[in-house]
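In what follows, a single structure is set out as structure tokens and then discussed.
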Amino acid sequence: MREKPVGIFDSGVGGLTVLKEIAKLLPNEELIYLGDTARVPYGIRSAETVIKYSIECASFLFKKGIKILVVACNTSSSVSLEVLKEKLPIAVIGVIEPGVRAALKATKNGKIGIIGTEATIQSGAYPKKIKSIEPEIEVISKACPLFVPLVEEGILEGSIAELIVERYLKELKNSGIDTLILGCTHYPLLKKTIQKYMEGIQLVDSAEEISREVKEMLSYQGLINEKTNSGGKTFYVTDSPDRFKKIGEIFLDCKIDNIFKVSLEEGKIK
């Protein structure tokens, strides 16, 4: 079991933020990443559709023999995490709780902003989790639907990115928040542009926190891979592998060689 891989899925390239941090913290782990690039973005889909897509992604990775599943998609984590936990006989970890804990540690004035896809914001997953821990925290949420297409097109800096960031974040900038949760794993790719506009505000993305949670869970289960010649990465996408490779290599700052285009139509977990 120790030598089995860690499975990670996202709707596209954004979950590479999570893969990158897991690889740093657990360099001996075999990592399998699935980007559902044929159906990105999940954030504009209904909850029922997101759950359907998430089950298909989880099924694909489970058939690869993974020992733990990381849902590196905020939209999926917000609406389908409990369903996946019920269906899978392995640990399933989402991105919302780690991000919330980091934000609560970071805030000094008790005002936290959250940006995410329409589905994540409409689900209220972040405010609900924050309020369940610290009821007095003031939470301001904002959907930023154009951020994912920006990332998928590789438009991370420059005038276009800056104009869209300003359009979405102007209200949050003037709201008095001191901490902003990047509630989508795509958004850290826009981190430089967002931080430039949100000067003085602490940005939180859950990649580092979720990597710690994965390590803690594997350690608790006695499943950490100690073989030093391991650490390989395999990437699967449902469409446009060349595009994924191009953006992914820029973000990971390394070559992506083991990339394969796959279909998710072949059966699902029951």
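Throughout, read-outs are computed from the coordinates displayed, never taken from laboratory work. The structure displayed is predicted, hence computed values, not measured ones. So basically every Cβ, Gly included, is an ideal-geometry build from the backbone, and we count neighbours across all protein chains shown.
Quick rundown of the values:
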item: Listed residue (GLN195, ILE137, THR117) projecting farthest to the positive dipole end of region 97-205, Cβ model; result: ILE137
item: Length released on extending from ASN28 to SER159, taking residue separation times 0.36 nm less the Cα-Cα span; result: 43.1 nm
item: FRET efficiency, 1/(1 + (r/R0)^6) with R0 30 Å, evaluated for ASN229 and SER46 via beta carbons; result: 0.10
item: In region 45-138, GluC sites (Glu not before Pro) in a DSSP loop with at most 15 other beta-carbon atoms within 10 Å; result: GLU136
item: Local net charge near ILE137, Cβ-Cβ under 10 Å (Lys/Arg +1, Asp/Glu -1); result: -1
item: Cut-off 11 Å between beta-carbons: net charge of the residues surrounding VAL148, Lys and Arg +1, Asp and Glu -1; result: -4
item: Dipole moment magnitude, nearest 20 debye, the chain about Cα centre, only Lys, Arg, Asp, Glu C-beta charged; result: 320
item: Ordering of 94-106, 187-199, 245-257 by packing [mean C-beta count within 10 Å, highest first]; result: 94-106, 187-199, 245-257
item: Degrees between helix 74-87 axis and first principal axis of the chain (Cα, 0 to 90, nearest 10); result: 40
item: Residue order, fewest to most surrounding Cβ atoms within 10 angstrom, among SER219, SER230, SER123; result: SER219, SER230, SER123
item: Positive-end extreme of charge dipole, the chain - chosen from SER78, SER175, SER219 (charges on Cβ); result: SER219
item: Within the chain, helix-based [θ] at 222 nm, where runs of 4 or more DSSP H residues each add -39,500 (n - 2.57), nearest 500; result: -13500 deg cm²/dmol
item: Distance-filtered residues of region 130-169 - backbone nitrogen under 19 Å, label point 7 angstrom along LYS196 Cα→Cβ; result: 146-169
item: Estimated dipole of region 97-205 in Debye, rounded to 20 [Cβ of Lys and Arg +1, of Asp and Glu -1, Cα centre]; result: 280
item: Cα centroid separation, region 220-264 to region 130-203 (Å); result: 27
item: Between helix 47-62 and the chain: long-axis angle, C-alpha atoms, 0 to 90°, nearest 10; result: 40
item: Total formal charge among the other residues, if their Cβ is under 13 angstrom from that of ALA23, Lys/Arg +1 and Asp/Glu -1; result: -1
item: Mean separation of Cα contacts under 8 Å, 6 or more apart, over the residue count of region 97-205: relative contact order %; result: 37
item: Distance (nanometres) between label positions extended 7 Å along Cα→Cβ at LYS261 and ASN109; result: 5.0
